[in-house]
1. Mind checking which residues of region 124-179 are in a loop (DSSP other than H, G, I, E, B), of a type outside the set (Gly, Ala, Ser) and touching a residue at least 40 places away in the same chain (Cβ under 8 Å)?
2. For region 20-47, enumerate the residues that are in contact with a Ser or Thr (Cβ under 6 Å, 6 or more places away or on another chain) and not small (Gly, Ala, Ser).
3. Only one of (1) surrounded by fewer than 20 Cβ atoms within 10 Å (Cβ to Cβ); (2) assigned to a loop (DSSP other than H, G, I, E, B) fails for ARG274. Which number is that?
4. Among the candidates ARG247, ARG194, which residue alone is outside any helix (DSSP H, G or I) and modelled with pLDDT of 90 or more?
5. How about region 286-301: which of its residues are part of a loop (DSSP other than H, G, I, E, B) and surrounded by 17 or more Cβ atoms within 10 Å (Cβ to Cβ)?
6. Of all the residues that make up region 142-155, how many are touching a Gly at 6+ places or on another chain (Cβ under 6 Å) and farther than 15 Å from SER240 by Cβ?
7. Given the residues HIS261, HIS241, which is the only one that is in contact with a strand residue (DSSP E or B) (Cβ under 9 Å, 6 or more places away or on another chain), more than 15 Å from CYS185 (Cα to Cα) and modelled with pLDDT of 90 or more?
Amino acid sequence: MPGRDTRLSPERILRELDWNLLRTFVVLAQSRSVTDAARRLNLTQPSVSAALQRLEDRLGRTLIDRKPGRFQLTEAGERLFTEALDIQGSILRLTTLMREMTDEVSGHVQLAVASHVICPLLDEALAEFHAAHPKATLSIDVLTSSAAVGAVQARSASFGVCLVRDRNPKLEYRRLYREFFGLFCGPPYPLFGREKLQPADLKGHNTVSFQTDRLQDVLKPVALLRAESDIGEQVVGTSSHLEEVRRMIVAGLGIGPLPVHVAARDVEEGLLWRLPPYDNPPAIDVHVVWNPQSRLNRAEQSLLTCLLDKIERTPISDRTYT
C-alpha cells in the first residue's frame, strides 16, 4: 500500500508555503508564458521558472503544462488559481482594514461596472453615499461583465454591476434594473431616416456589436435579435464598451444594438435612427454582484447597503427602462 504523500499534509503546507510563490503563480496563470510573467513581475525568467518548480515540488502536482507552443493550467493548477485569487484578495484588503480604526468612514470603494450601465438608481446611491461619507473615495473600473464578475470573485472589486449569464454559487446577486435593446443606425447609413422599414429591409447589411454579442455569452438575446432580423453576417466592428459601439454606429459603419433608453437622446438629436423590429425587444437584466466571503470595509458596506436598500424599496416596474 503506497504511503501518504506528506507534501500534501495541511500542517506542512500551512507551515512551509510561501505567499510569494502563490503570488508568482497567480501572475503566471494570467500570462501567456514564463517570459511574459517575468516581465510583469520585473523578475528574470529563470527566477520565475524556479519559483514555479518550487511550488510544484511543495504541492507534489504539476500546475502548468508547459511545452513548446503550449502553456496551460492543469486541473490542479486551475483549482490552485481559484484559491490563490481568494488569498490574494484577502491580503490586498489587510491594509485597508487596518486603516479603518477611526470613527469616520474614510475607506475606498472599488467598483467593477459593465460599460453600458445607465441607471438612475445607481447614480442616486452614489450621490447619497458621497453626501454621507465625503472622505470616502471611489474608483470605477469599466470591464466586460465576465471580467467584472471575476474581479468580485477575486475580491479585487468591492462589488460589481454587470450582466450575468451563469451564476457562481459563491457569489450573491440582486437584479438592479431591466433594459431593452433595439437596433440603430447613424446618419451616413442608407437606412437612416427611412420610415416604415420591415425586418426584411435589414437583410445583408453590415453590423457592429458588442464582443459579448454571441449565442454563448451574456448578450445572447441581442445575438438572437440580430439573427432573427436576418442582418448580414458581416460584422465590421466590435467593442466591449458601449461608447465605442455607439461611435461606430453613429459613424455609419453598420447597424448595431444599443439599450433603447440609452439611445433615446441620440435619437431625439438626430444622431441615431431606430430600426425594426420595434415590438418585443429583447430584455437584459443588470445585476449587483458581491462576494459574501469578502471582508468589506465600512465605506464598501455602506454603499452596498444603500444600493440594496434602494433596490428593495423600488418596484421592478420603476427599475425597468424602455
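The values are calculated or read from the model by the stated rules, or taken from the named source; none is laboratory data. It should be emphasised that the depicted structure is a prediction, and the values quoted were computed from it without experimental measurement. Cβ sites come from the backbone with ideal geometry, for glycine too, and all protein chains shown count toward neighbours.
1. Residues satisfying the conditions are HIS133, THR144, ARG155, VAL164, ARG165, LYS170, LEU171.
2. VAL34, GLN45 - these are the residues of region 20-47 that are in contact with a Ser or Thr (Cβ under 6 Å, 6 or more places away or on another chain) and not small (Gly, Ala, Ser).
3. Condition (2) is where ARG274 drops out.
4. Answer to the selection: ARG194.
5. ASN291, SER294, LEU296, ASN297
6. So the count comes out to 3.
7. HIS261
Let's see how each residue does on (1) free of Cβ contacts under 8 Å to residues at least 12 places away in the same chain; (2) surrounded by fewer than 20 Cβ atoms within 10 Å (Cβ to Cβ); (3) part of a strand (DSSP E or B):
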site	(1), (2), (3)
THR238	no, yes, yes
ARG265	yes, yes, no
LEU303	no, no, no
LEU308	no, yes, no
